[in-house]
Amino acid sequence: MTLSMLLGEDGKQKDELSQMVNWIVEHSKADVIHISNALLLGLAKTLREKTGAKIICSLQDEDVWVDVMETPFRKKQCFNPF
């Protein structure tokens, strides 16, 4: 699930991401969107492209999630930051 979230629109939750972004576009005129942690950064590119909002991200305890992942997953690079 963690890797899929980092993949954003290429992850398994792409339909839910599309629904969420469409809702935000329809119901909000956000200037800034705050992503609460780096594990949600896969959402950033689509959010920025569809809303035009600036994206900010807080960093909090990501090391705890990454440290417990099995080695092949922990070392995998799964997205290219924009």
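Just so you know, all these numbers are worked out from the coordinates, no wet-lab data involved. As the structure is a prediction and not an experimental result, all values here were calculated from the model.
For the stretch 2-74, rounded, prolate or oblate, judged on the Cα gyration tensor with a ≥ b ≥ c (square roots of eigenvalues), a/c < 1.5 rounded, else prolate if a/b > b/c? Spell out each step's value before the answer.
Working: a/c = 3.19, a/b = 1.71, b/c = 1.87.
Here the stretch 2-74 falls in the oblate category.
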Given H placed 1.01 Å from N in the peptide plane, which residues other than close sequence neighbours of ILE55 have an amide H under 5 Å from its amide H?
ILE33
Residue-wise HN-Hα coupling along the stretch 22-32, computed from phi with Karplus coefficients 6.51, -1.76, 1.60 (Hz; x: Gly, Pro)
4, 5, 4, 4, 6, 10, 9, 10, 5, 8, 9
5 Å is the cut-off here: which amide hydrogens, built 1.01 Å from N in the peptide plane, fall below it relative to ASN37, excluding neighbours closer than 5 in sequence?
SER58
